[in-house]
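The values are calculated or read from the model by the stated rules, or taken from the named source; none is laboratory data. These figures come from a predicted structure and were not determined experimentally. All Cβ positions, even for glycine, are placed from backbone atoms using ideal geometry, and neighbour counts span all protein chains on display. Each accessible area value is taken on the protein alone, full model and side chains, heavy atoms only, with ligands, DNA and RNA left out. Shrake-Rupley method; radii C 1.70, N 1.55, O 1.52, S 1.80 Å.
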Amino acid sequence: MHGCTPSQAGLEDKAEAVLVGGRNAALRQNLLAEYKAAGIRAVDASDHASLGGVQPDNIVNRTLLGMGAQLEMTTALRTAMFTVNTRAGRRTSTTEEFWNFTGATRAALRRLEAGQVMP
């Protein structure tokens, strides 16, 4: 999980979005589908040169399977997840956006573990 600016992601200013990359196509598809269902803007980043996370030596892909998923969250999305966006403040100031994001992420992982891939 990383952070990026909307301009780094090729998005409009103040865009609240998550870029989903990594070499695990099934997990990437599940994440994209679950974020969309939760009303979170998600972009497939597998073709993005610097944010795609598809290089084999990227830490996210150094798993037993040799692949994983990388999440790049824009500044605006990260800010929307907390009422106090500081290291100390984040612990006790999560918003509904935070819980929607974590719930969607967990649902995507459960689908993957169950062998289900979202269309």
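Worth a mention:
- Heavy-atom accessible surface of the stretch 1-71: percent carbon and sulfur, 1.4 Å: 54
- Rounded Å value of the spacing that divides the Cα centres of the stretch 73-119 and the stretch 2-32: 13
- Angle in degrees between helix 96-113 and the longest Cα principal axis of the chain, rounded to the nearest 10: 10
- Across the chain, the fraction of Cα-Cα pairs farther apart than 17 Å, rounded to a whole number, is 55%.
- A 1.4 Å probe run over the protein chains yields, for the chain, 58 Å² of accessible area per residue, whole-number rounding.
- Nearest-0.05 FRET efficiency for Asp13 and Leu64, computed from C-beta distance (R0 30 Å): 0.15
- Cα extents of the stretch 5-51 along the three principal axes, largest first (Å): 29, 25, 10
- Based on alpha-carbon atoms, the Kirkwood radius and the radius of gyration of the stretch 73-115 give Rg/Rh equal to 1.11.
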